[in-house]
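First up is the structure itself, then whatever we jot down about it.
The values are calculated or read from the model by the stated rules, or taken from the named source; none is laboratory data. Predicted, not measured: the structure shown is a model, and the values here were computed from it. FYI the Cβ positions are ideal-geometry reconstructions off the backbone, even for glycines, and counts take in every protein chain you see. Heads up: the accessible areas ignore ligands, DNA and RNA and are worked out on the full protein's heavy atoms, side chains in. Shrake-Rupley method; radii C 1.70, N 1.55, O 1.52, S 1.80 Å.
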Amino acid sequence: MYWNLPEMEIAIAEKNIIIPSELLNRDVTCTLLLPEGDYFAEPFNLLLLNDGQELPNLHLKETIEELTETQRIKPLLVVAIHASEERLQEYGTAGKPDFKKRGSKAALYTGFIKTELLPAIATLTGIEKFASTAFAGFSLGGLSALDIAWNNPELFDKAGVFSGSFWWRSRDLGKGYSDKDRIMHSIIRDTNPKPDLKIWLQTGTKDETADRNQNGIIDSIDDTIDLIKELEQKGLKRPEDIRYLEMVGGNHNPETWAKAMPKFLVWAFGR
C-alpha cells in the first residue's frame, strides 16, 4: 500500500542514540534515520549499517528522502552504527581473526548486534518485526555485515557489501599463502545448509592497485568474483539471490559508495 498524497515531501528525521554495551565494554553511538509523519500504512523495513560515522559523507539522508518521495523504496528505518577506535578488532569474521589477529572482537560485535542492538531497536520503535531486515557495510565493515547476516539468517534476509575486504586471510602473502586462505570464502564453502539470504555486492575498478596473481585484475574485484563463485556453488543464483555492481572508475571511498547507494536501496527495499 502507498501513502495517500502522491507528491508530498518526505522529511527524514535524524537522531543519535547511545546504547551501553556490556559485551563491547563501551557506549555505542547509533544514528537513526526515519521518515517523519504517519503517512505509511505498510510495514517498515530495517537497514543496519556499519561505519555509521560516515553518514554525512554518504549523503544517505538526502538519498532516502528522494527515493521515498518518488515511491521507489518502501518505508525504511536505518540504524547506522558508529565504529570506535576498536574497529579493526570488532569488524571481521566472528571467531576467525586474520593472520595479524585483527578481528579478535568480531564475535563480541556479533553478540552486540544480536542481543543488545536489535532488542534496543524493538524497544525504541515498538516494532517487533520488520518486513525485511538487511545489514550492509563498507570495506571491512562490509565483510563484517556479510559475516553476521550469513551466519544469522533468522535475523537478516539481505546483506549489502560495498568494496568488501574479501582479501581477509588466515596466512600472510609471503608465508605460503594461497586463495584457500581467504576466510570469508572458506566460511561460505564450509556452511551447510546454505542460508536463505540475498546478497548485493559492489566494487570499483579503482578500489586499489594490488594484483596478487598478476592477472591484470585488481584483488578487490578478483576476490569479490571468487566469492560470488562460492555463493553459486552453495546454490545461490544470479540475479535472483546475488547482484553485483562493478563501477568503472569507482574508488574505495564514501563518494563512490554514495553513488552506488541508491541502486542498493532500490534492490533491497524497492517497490
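Inside region 90-135, residues that are surrounded by fewer than 19 Cβ atoms within 10 Å (Cβ to Cβ), among the hydrophobic types (A, V, I, L, M, F, W, C) and more than 16 Å from Thr31 (Cα to Cα) make up a count of 5. Of the candidates Phe166, Phe269, Phe264, the single residue that is of a type outside the set (Lys, Arg), touching a Gly at 6+ places or on another chain (Cβ under 6 Å) and open to solvent by less than 60 Å² (accessible area, probe 1.4 Å) is Phe264. For the subset of region 13-68 comprising residues that are small (Gly, Ala, Ser) and in contact (Cβ under 8 Å) with a residue 24 or more places away in the chain, which member is nearest to Ile113 (Cα to Cα)? For region 13-68, the residue satisfying everything is Ser21.
Among the residues of region 91-148, the ones that are among the aromatic types (Phe, Trp, Tyr), free of Cβ contacts under 8 Å to residues at least 60 places away in the same chain and closer than 22 Å to Ile73 by Cβ come to 0 in all. Among the residues in region 70-89, are any open to solvent by 10 Å² or more (accessible area, probe 1.4 Å), without any contact (Cβ under 8 Å) to a residue 24 or more places away in the chain and either in contact with a Ser or Thr (Cβ under 6 Å, 6 or more places away or on another chain) or within 23 Å of Ile127 (Cα to Cα) (or both)? Yes, the conditions are met somewhere in region 70-89.
Find the residue count for region 150-182, including only residues that are touching a helix residue (DSSP H, G or I) at 6+ places or on another chain (Cβ under 6 Å), in a strand (DSSP E or B) and not hydrophobic (A, V, I, L, M, F, W, C). The qualifying residues number 3.
When region 183-233 is filtered for residues that are in a loop (DSSP other than H, G, I, E, B), surrounded by fewer than 17 Cβ atoms within 10 Å (Cβ to Cβ) and touching a Lys or Arg at 6+ places or on another chain (Cβ under 9 Å), the ones remaining, listed by number, are Thr191, Asn192, Pro193, Lys194. Only strands (runs of 3 or more DSSP E) whose full extent lies in region 5-68 are considered here, and the ones with at least 3 residues that are touching a Cys at 6+ places or on another chain (Cβ under 8 Å), modelled with pLDDT of 95 or more and under 23 Å from Ala83 (Cβ atoms) are 12-21.
Of all residues in region 234-245, exactly one satisfies the criterion of being loosely packed, with under 13 Cβ neighbours inside 10 Å, among the basic types (Lys, Arg) and closer than 12 Å to Leu201 by Cβ, namely Arg238.
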